[in-house]
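Worksheet for the structure shown next.
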Amino acid sequence: MSNYHIKNLEEYFQVYRKSVRNPTHFWEEIAEENFLWRKSWDSVMTWDKAKSKVTWFEGAQLNITENCIDRHLISKGNQTAILFEPNSTDEPAQHITYHQLHERVNQMANVLKAKGVQKGDRVCIYLPMIPELAIALLACARIGAIHSVVFAGFSSTALASRINDSDCKLVITSDGSYRGSKTIDLKGIVDEALSNCACVEKVLVVKRIHTEIPMQAGRDEWIQPLLDEASMVCAPTIMEAEDPLFILYTSGSTGKPKGMVHTTAGYMVNSAYTFKNVFQYRNNDVYWCTADIGWITGHSYIVYGPLANGATTIMFEGVPTYPDCGRFWEIIAKHKVTQFYTAPTAIRALAKESLDMVNKHDLSSLKVIGSVGEPINEEAWHWYNDNIGKGKSPLVDTWWQTETGAIMISPIPFATPTIPTYATLPLPGIQPALMGDNEDELIGNQVEGKLCIKHPWPSMARTIWNNHKRYQETYFSAYKDMYFTGDGALRNSVGFYRITGRVDDVIIVSGHNLGTAPIEDAINEHPAIAESAIVGFPHDIKGSALYGYISLKNTGESRSHENLKIEINQLITERIGPIAKLDKIQFTEALPKTRSGKIMRRILRKIAAGEFDQLGDISTLLNPEVVKSIIKNVV
Ligand code: WTA
């Protein structure tokens, strides 16, 4: 029996039990049998608990692009590796074979080298969902440069802070991007960001929308002429197992975004293993994940996991509603997609449309459908399961995080039974624990607590870039020798897990993690604003949306609330990006506070959700009268 591909429930339990008895042996067998190593490891895993330092496969040498590309060339050279579906239905899809991918990655790697990029240097990638994005990641990995992809919906300020935090010396971007019927001036955003980034020496620009854009002499260059001249041969740089592969920023509940650092070997093994099992990928399948490569889902399950398995992976440039709300279903029919992986927010939006939009497309190629990014509510689960999966393609609700690098809790299709809203069972090698309020582990079933993971797994982020202390504090200080996820979960009577949502001040809006503190910081920059508090409230499509309570400075001047609302959302758009705009804004004289001066967010959350009868005891507040006036004026 190969540990690598689980086919039924009995096998799952067998493999799972084995993996828990001896996790290092479990992962070692997988690593040995399924990947190309230039040198084997000296130790499978080390874990310095006091320092929160973990290594996997230390001593091993490899290059992840050899595993994702070169080793498939003989058997699958002419198979499509990346299938690009453009924004416009008038533009033909592009099939990039493994051979072509190999050539294009090598060319881009050679261009990066020629621009002075060396092993260990950071390269920022700010691109739309076009093939050059995946190629840029792989080109960095080819030469050992560390990529830091910034989602192309982030603002120039957010981009600049990420570039500066990891000292990127080169940026790859495009003249612009297509998004449905709109175009976005990406290069303009980069130019604005770079006025505050001294570390960047070069900007390479992909031509996508063919607009006239300013190019700064000495700094900016069109990439295509350089690629055309570059050699298609580029020997992979041999990397150590624990060399960083990439940095990816995620929001924390406080402070600036955290640059999560993922390393090479463990990430490769874990992302590939989970891809194979969670999607039950077989030769000739056509797999499609609708995420953006700007997020971890795209890194692990559009690029690395699928390519390490020699899969055909679709990259979609557009949006689900363009040219109409049937676009997803049309693409599934057009390319005979076998595995489809998307987010609950997209499902909720599309479920609002007429079923004709679905039913006019042939979805019979589908074998597995998946969900990721936030809890999927029961109604959305049923709609997705019944109308897209047709009750025959198992729906895998996959729980994981930027920090975990790979899927942690998920059904294995055709093995694990699926239940609405349950991520079900941990994948082999993963040991979840639920913790009670007294830092005790909740044993047995029918319990609910904070979700932790007990033993290291290969794709866990190793640190926060330049801030190991914050890494330790955020993930390893709440519970002894356990990784704390920041999520709550329950385990039902048969041991299945259901994720109940964040237990910290991170709010997930349309699947995007947003910390409350950075949004409040942006708002508080407004000269008329004294204080603000952001909470999430339930939203039909976004899952959660943002509610801002704002108190104004007492300057004696009266200002139009309507104008202020516009200015607040403008500030947020500039500092973070449009995804963090507030749906509701309430102006209030003051915010409810404890006697020690802390804002009582719990009460503000209840009010925003309309649960006025569940505020609990408010008599101990410093200013209980404020609560009544907030309720009276609730938006
Ligand atoms: C949430 C995305 C419920 C969770 C891969 C987690 C989920 C955060 C699920 C990480 C799911 C992700 N069910 N909640 N299936 N998947 N989450 O870092 O709160 O963008 O902590 O990684 O999303 O979001 P991130």
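The values are calculated or read from the model by the stated rules, or taken from the named source; none is laboratory data. None of these values were measured; they are calculated from a predicted model. With ideal geometry, Cβ positions are generated from the backbone for all residues, glycine too; neighbour counts draw on all protein chains shown. The accessibility values were calculated without ligands, DNA or RNA, using every heavy atom of the protein model including side chains. Shrake-Rupley method; radii C 1.70, N 1.55, O 1.52, S 1.80 Å.
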Item to check | Distance (nanometres) between label positions extended 7 Å along Cα→Cβ at E574 and H210 | outcome: 3.5
Checklist outcome for this item: Reduced to Cα centres, the span from region 93-129 to region 341-361 in Å works out to 34
Checklist outcome for this item: Sorted by chain and number, the residues with a modelled amide H under 5 Å from that of L425, at a separation of 5 or more or across chains, are S410, Y497
Checklist entry - Remind me, relative contact order of the chain in percent, using alpha carbon pairs under 8 angstrom and six or more residues apart? => result 12
Checklist entry - Quick one: putting +1 on the C-beta of Lys and Arg, -1 on the C-beta of Asp and Glu, what dipole do you get for region 482-634 around its Cα centre, in Debye to the nearest 20? => result 380
Checklist entry - Quick one: length gained pulling Q79 to A530 fully straight, 0.36 nm per residue minus the C-alpha distance? => result 156.4 nm
Checklist entry - What value, in deg cm²/dmol to 500, does the helix sum -39500 (n - 2.57) over DSSP H runs of n ≥ 4 give at 222 nm once divided by the residues of the chain? => result -8500 deg cm²/dmol
Item to check | For region 42-156, share of DSSP beta bridges that run antiparallel, in % to the nearest 5 | outcome: 70
Next on the checklist: On a straight-distance basis, which aspartates and glutamates could pair with K169 in a cross-link, Cα separation under 18 angstrom, same-chain partners fewer than 8 positions away excluded?
Outcome noted: D121, D191, E192, E201, D220, E221
Checklist outcome for this item: Between T500 and residues 5 or more places away or on another chain, the pairs with built amide H atoms under 5 Å apart involve G488, A489, L490
Checklist entry - What is the log10 of I(q)/I(0) for region 323-464, computed with the Debye formula using one identical point scatterer on each Cα and no solvent, at q = 0.20, 0.21 Å⁻¹? => result -1.20, -1.28
Next on the checklist: Could you give the length gained by full extension between K565 and Q94, i.e. 0.36 nm per residue of separation minus their alpha carbon distance, to one decimal place?
Outcome noted: 165.2 nm
Checklist entry - Counting only the heavy atoms of the protein chains, how much of W465 is accessible to a 1.4 Å probe, in Å² to the nearest 10? => result 50
Next on the checklist: I need the peptides 339-352, 428-441 ranked by packing, meaning the mean over residues of other C-beta atoms within 10 angstrom, with the highest value on top.
Outcome noted: 339-352, 428-441
Next on the checklist: Only bridges whose two residues both fall in region 117-194 count here: according to DSSP, what percent of them are antiparallel, nearest 5?
Outcome noted: 25
Next on the checklist: Restricting to DSSP loop positions (anything but H, G, I, E, B) with no more than 13 other Cβ atoms inside 10 Å of their own Cβ, which GluC sites (Glu not before Pro) remain in region 487-591?
Outcome noted: E525, E557
Checklist entry - If you take the charge dipole of region 265-331 about its Cα centre, with +1 on Lys and Arg Cβ and -1 on Asp and Glu Cβ, which of W329, Y273, L307 is farthest toward its positive end? => result Y273
Item to check | Accessible area, probe 1.4 Å, largest first, for residues L9, L546 | outcome: L9, L546
Checklist entry - Mind listing the phi-derived Karplus ³J(HN,Hα) values for region 76-86, rounded to whole Hz, using 6.51, -1.76 and 1.60 with θ = phi - 60°, and x for any glycine or proline? => result 10, x, 9, 7, 5, 8, 10, 10, 9, 10, x
Item to check | Under 14 Å, Cα to Cα: Lys pairs in region 510-633, sequence gap 8 or more or different chains | outcome: 7
Checklist outcome for this item: Taking Cα pairs closer than 8 Å and at least 6 residues apart, the relative contact order of region 330-420 in percent is 27
Checklist outcome for this item: Residues of region 517-534 with backbone N under 18 Å of the label point set 7 Å from the Cα of S629 along Cα→Cβ are 529-533
Checklist entry - Unpartnered cysteines of the chain (Cβ-Cβ under 4.7 Å counts as a partner)? => result C68, C140, C197, C199, C234, C289, C325, C452
Checklist outcome for this item: tail above 15 Å in the computed P(r) of region 90-148, as % of all Cα-Cα pairs, reads 48
Checklist entry - Can you list residues whose amide H is under 5 Å from G373's amide H, if they're 5+ apart or on another chain and H is modeled 1.01 Å from N? => result W400
Checklist entry - Can you give the relative contact order of region 423-474 as a percent, counting alpha carbon pairs under 8 Å and 6+ residues apart? => result 29
Item to check | log10 of Debye I(q)/I(0), alpha-carbon scatterers only, for region 510-633 at 0.11, 0.12, 0.20, 0.23 Å⁻¹ | outcome: -0.37, -0.44, -1.20, -1.46
Item to check | Estimated distance in nm for a label pair at M357 and A114, the labels positioned 7 Å out from Cα along Cα-to-Cβ | outcome: 4.5
Checklist entry - Taking region 156-258, which GluC sites (Glu not before Pro) meet the DSSP loop condition and have no more than 16 other C-beta atoms within 10 Å? => result E201, E212
Item to check | Kirkwood hydrodynamic radius (C-alpha pairs) into Stokes-Einstein, region 452-505, 37 °C and 0.692 mPa s, D in µm²/s | outcome: 260
Item to check | Gain in span if fully extended, C199 to L621, counting 0.36 nm per residue against the direct Cα distance | outcome: 147.2 nm
Checklist entry - Between region 366-403 and region 1-56, what's the alpha-carbon centroid distance in Å? => result 27
Checklist outcome for this item: One would report the antiparallel percent of DSSP beta bridges in the chain, rounded to the nearest 5, as 60
Checklist entry - Using mean Cβ contacts within 10 Å as the protection proxy, how do 77-90, 147-160 order, highest first? => result 147-160, 77-90
Checklist outcome for this item: Counting only backbone N atoms under 18 Å from a point 7 Å out along Cα-to-Cβ of N164, the residues of region 188-225 in range are 189-202
Next on the checklist: Quick check: the distance between the Cα centres of region 413-432 and region 501-560, to the nearest angstrom?
Outcome noted: 35
Checklist entry - Three principal axis extents, largest first, for the C-alpha atoms of the chain, in Å? => result 73, 63, 57
